[in-house]
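The values are calculated or read from the model by the stated rules, or taken from the named source; none is laboratory data. This one's a predicted model, so the numbers in the text were calculated from it and none came from an experiment. Neighbour counts run over all protein chains shown; Cβ positions are idealised from the backbone, glycine included. Calculation scope for accessible area: heavy atoms of the full protein, side chains included, ligands and nucleic acids excluded. Shrake-Rupley method; radii C 1.70, N 1.55, O 1.52, S 1.80 Å.
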Amino acid sequence: MQPVAICRHDAAQGPGYLIDFFDAHAIPWRLFAVDAGETPPTRAGEFSGVVILGSPASVNDDLSWMRREQALLRDALRLERPVLGHCFGGQLLAKTLGARVRRNSVPNIGWGRVLVTRFDEAAEWFGARRELELFHWHFDTFEIPRGAKRVLFGTYCMNKGFAIGPHLGLQSHLEVTADSIRQWCRNDGDDIRRNISASVQPEADMLANLDARVTALHRLADRVYGRWIARLPGRTRLIVPGLSRLTAPVLPHTRPRGGESWGERLLQA
C-alpha cells in the first residue's frame, strides 16, 4: 500500500491522534514538514491519500507552498485519491474545488455543538447522531464547493464540514489531544481573554472535563478516520471504531493564530 501524504505547516501543529490511528491500523504515511523547509509534493500518484493539517497562515495568502499543495490536491482529485482536510486543510480543499474562503463573522474557539445534516453522506461519515461536540479554533470559513454536500453546521460558523466522493473537509479539529489543547491555551491565553464572547470559550470552560471530552472526540475520530482509510486504494476492510486505543505521546500543538497578518511572519514564499 502506498503511504498517505501528510502536509504539516507548523512544528507545533502536528497530526496528533491521526498518527496514533494510522499506526494502530498499519496505514503507512509520510510527513512533509513544510515549516522545516521540506517541499510539499505536487503529484499524488505515489500516495494512497492526502491529509492537509492546520496552519497559522490563511489560504488567501497565496504563498508558494500553498500553490504546490493546491497542485497536489488537484492531482489527488483527478486520480480519486482521498483527501482529508483539518481546519486550514478543509479550507484549502474547498478553495481548490473552486469555493470561496473568507473571514468568518466571529472567531470560533473552544468546544462547541455542531449538527449533522440529513444528507446520506453525513450519516456515512458521522453515523446516526444528530449532534456532536467538536473542538474549534479558526478565524476563516469556507463556502461549500459545487457538487459537495454540507455534512456539519454550527452556530457561529455555518459550514463546519463538507463531503464530496471520498474527500472530506472539516472546519474543526479531530486530531487534538488533551495535552495539545492545554498547550494551545498556555500559548494563547491572552488572546483568548481578549476575545471572550459567545463564540470564544473561556480557558477554564475549555479545559473543564477535558479528558472525557477528548476521549469522546477520539471515538468520533475513530469512525471518521476509519471511513476515510476504507476509501484508500488497496484498503478494503472497513475499520470499526473503538477496536483499538493508543496512548502514544504526541507532539505539542499550538493553535492557528488570527489577526490581519497571520500569514506574514511564517511560511513566506
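Things to note:
- Residue check for ARG67: touching a residue at least 12 places away in the same chain (Cβ under 8 Å) and open to solvent by 10 Å² or more (accessible area, probe 1.4 Å): no
- Any hit, segment 72-82, residues being at pLDDT below 95 and of a type in the set (Gly, Ala, Ser): no
- Candidate set from segment 152-193 (those that are closer than 23 Å to ARG219 by Cβ and polar (S, T, N, Q)); member that is most open to solvent (accessible area, probe 1.4 Å): THR155
- Close Cβ contacts (under 8 Å, 6 or more residues apart or on different chains) running from residues in segment 88-110 that are closer than 20 Å to ASP75 by Cβ to residues that are in a strand (DSSP E or B) and open to solvent by 30 Å² or more (accessible area, probe 1.4 Å) comprise LEU97/ILE164.
- Filtered residue count, segment 1-13, keeping only those that are surrounded by fewer than 21 Cβ atoms within 10 Å (Cβ to Cβ) and either farther than 18 Å from SER48 by Cα or hydrophobic (A, V, I, L, M, F, W, C) (or both): 3
- Of everything in segment 25-52 that is aliphatic (A, V, I, L, M) and open to solvent by 40 Å² or more (accessible area, probe 1.4 Å), the residue that is nearest to CYS185 (Cα to Cα) is ALA36.
- Whenever a residue of segment 26-45 is at pLDDT below 95, its partners that are crowded, with 18+ Cβ neighbours inside 10 Å and assigned to a loop (DSSP other than H, G, I, E, B), lying with C-beta atoms within less than 7 angstrom and at least six residues away or across chains, give the pairs ASP35/HIS9; ASP35/ASP10; ASP35/LEU267.
- Segment 111-186 holds strands (runs of 3 or more DSSP E) entirely within its bounds, and those carrying 1 or more residues that are in contact with a Ser or Thr (Cβ under 6 Å, 6 or more places away or on another chain) map to 131-142, 149-154.
- Leading residue by the ranking (farthest from GLY90 (Cα to Cα)) among those in segment 135-145 that are surrounded by fewer than 21 Cβ atoms within 10 Å (Cβ to Cβ) and in contact with a strand residue (DSSP E or B) (Cβ under 6 Å, 6 or more places away or on another chain): PHE139
- Qualifying residue in segment 208-227 (condition: over 25 Å from LEU79 (Cα atoms) and assigned to a loop (DSSP other than H, G, I, E, B)): yes
- Residues of segment 93-122 that are surrounded by fewer than 18 Cβ atoms within 10 Å (Cβ to Cβ) and at positive phi: GLY98 alone.
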